[in-house]
1. With (1) more than 24 Å from the chain's Cα centre (by Cα); (2) over 22 Å from residue 126 (Cβ atoms); (3) surrounded by fewer than 14 Cβ atoms within 10 Å (Cβ to Cβ); (4) small (Gly, Ala, Ser) as the list, and residue 160 as the residue in question, which single condition is left unmet?
2. If a residue has to be closer than 24 Å to residue 123 by Cβ and either of a type in the set (Phe, Trp, Tyr) or in a helix (DSSP H, G or I) (or both) to count, how many in the stretch 163-183 make the cut?
3. If only one of 112, 121 is surrounded by fewer than 17 Cβ atoms within 10 Å (Cβ to Cβ) and over 30 Å from residue 175 (Cβ atoms), which one is it?
4. Residues 198, 186: which one is modelled with pLDDT of 95 or more, assigned to a helix (DSSP H, G or I), surrounded by fewer than 16 Cβ atoms within 10 Å (Cβ to Cβ) and of a type in the set (A, V, I, L, M, F, W, C)?
5. Under 7 Å between Cβ atoms, at least 6 apart or on separate chains: pull out the pairs that start in the stretch 192-204 with a residue that is farther than 17 Å from residue 162 by Cα and end on any residue that is surrounded by 11 or more Cβ atoms within 10 Å (Cβ to Cβ) and of a type outside the set (Ser, Thr, Tyr).
6. If you go through the stretch 58-69, how many residues are surrounded by fewer than 20 Cβ atoms within 10 Å (Cβ to Cβ) and closer than 11 Å to residue 89 by Cβ?
Amino acid sequence: MTISKRGIQMVAVSMSVVSLLTAASSLACGGDWYPEVQIDPRIRGVAEAEKALAKGNSVAAAGSVVRMIPQIERLRPKTDPLLIRAERVLAVAIARESGRLALEQEVPADVLGHWLGKTKLDQDKNLAWSVDALRRELAAKKDDPGLMTELGEALSKLDGGQDEARTILESLAARDLIGSAQGYKALAELRLQKGDDAGQKLAMKRCESMASTSKVCASSAPRAS
């Protein structure tokens with residue numbers, strides 16, 4: 001008995017259909033094969049941290065980053081976009097909190113270490129890390145006004161960094177490129193240190209016009225001794 005070529009093709013198709021139906025039945029009945037999709041929880045976490053920072057909640061933003069990536073201080077990311085974003089959030093949050101992160105209720109004590117900034121030494125260490133992180137990011141994104149503004153903010157809080165901060169922020173202000181209300185607040189405080197009352201008032205007006213709440217442009221609390 002011979003089978004035509006057409007018959008062989010029909011048998012092959014039938015066997016394929018049976019195999020697919022059998023596999024589908026196995027899955028429907030609790031078979032142990034399934035595609036496994038893993039989603040990195042840090043993706044959403046970093047996005048939420050960025051939103052918190054944009055809303056002015058620096059502590060919540062920093063807490064989210066430190067909880068997700070407790071080793072971030074020593075990572076120094078260069079190619080991982082997610083880690084670079086997380087590092088930037090933490091660096092800016094540290095600057096806006098003057099080196100102090102009140103995270104006792106949010107992050108385990110063994111993770112916090114010097115991030116709490118309970119002493120001036122720890123505050124300086126935190127601010128130095130913030131400046132270093134922002135410099136590295138700016139090296140990869142030269143002349144980015146947002147990063148330059150954030151670097152100016154961080155430098156304005158670091159002992160010995162005020163002159164460079166003033167140079168950066170005045171240059172941006174002359175071109176109307178300061179990227180945040182906090183940047184204008186930092187410039188206002190730097191101008192006041194130089195006795196430029198008129199300039200300080202102008203910068204504060206710009207701060208107030210950009211700020212989401214009046215609290216953003218309030219005077220900074222003194223650093224711990």
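The values are calculated or read from the model by the stated rules, or taken from the named source; none is laboratory data. Please read all numbers here as calculations on a predicted model, not as lab measurements. Heads up, the Cβs are rebuilt from the backbone with ideal geometry, glycines too, and the neighbour counts pull from every protein chain shown.
1. Condition (2) is where residue 160 drops out.
2. Within the stretch 163-183, residues that are closer than 24 Å to residue 123 by Cβ and either of a type in the set (Phe, Trp, Tyr) or in a helix (DSSP H, G or I) (or both) number 10.
3. Only one candidate qualifies: 121.
4. Result: 198 is the single residue among 198, 186 that is modelled with pLDDT of 95 or more, assigned to a helix (DSSP H, G or I), surrounded by fewer than 16 Cβ atoms within 10 Å (Cβ to Cβ) and of a type in the set (A, V, I, L, M, F, W, C).
5. 204/188; 204/217
6. 3
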